[in-house]
């Protein structure tokens, strides 16, 4: 009878370890994709909101078009990134960098 319980304990432990491993891999993947997308948006904004372009703010649609991300993903990533600022003016869905806004 103890052999049965040993098997159950080993199987339960193995299943728990496997479940935690899968969870950690998914967490690492989501954090990496979030980092990658934020970096892509930030880099694009840094290059395209400078003084030479004459445009301080860029729309969600423009950013999405140039970075090959969906508008929803751009909106979400911009709202999470502390370096990116949402316009509070008349035009909605316009983003810039805090460093550009401070000039």
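The values are calculated or read from the model by the stated rules, or taken from the named source; none is laboratory data. In this text the structure is predicted, and so the values were computed from the model without any measurement. Methodologically, a virtual Cβ is constructed for each residue, glycine included, from the backbone with ideal geometry; neighbour enumeration extends over all protein chains shown.
Descriptive notes on the structure:
- Output for the stretch 58-77, where each listed residue is closer than 18 Å to residue 99 by Cα and at pLDDT 95 or above: 63, 77
- Residues within the stretch 17-45 that are surrounded by fewer than 17 Cβ atoms within 10 Å (Cβ to Cβ) and in contact with a helix residue (DSSP H, G or I) (Cβ under 8 Å, 6 or more places away or on another chain), tallied: 1
- Pair list, Cβ under 7 Å, 6 or more apart: the stretch 37-52 residue more than 13 Å from residue 95 (Cβ to Cβ), other residue modelled with pLDDT of 90 or more: 37/69; 37/73; 37/77; 40/67
- One residue stands out among those in the stretch 60-102 that are closer than 13 Å to residue 46 by Cβ and in a loop (DSSP other than H, G, I, E, B): the one that is farthest from the chain's Cα centre (by Cα), which is 83.
- Condition check for residue 55: assigned to a helix (DSSP H, G or I), more than 15 Å from the chain's Cα centre (by Cα) and modelled with pLDDT under 95: no
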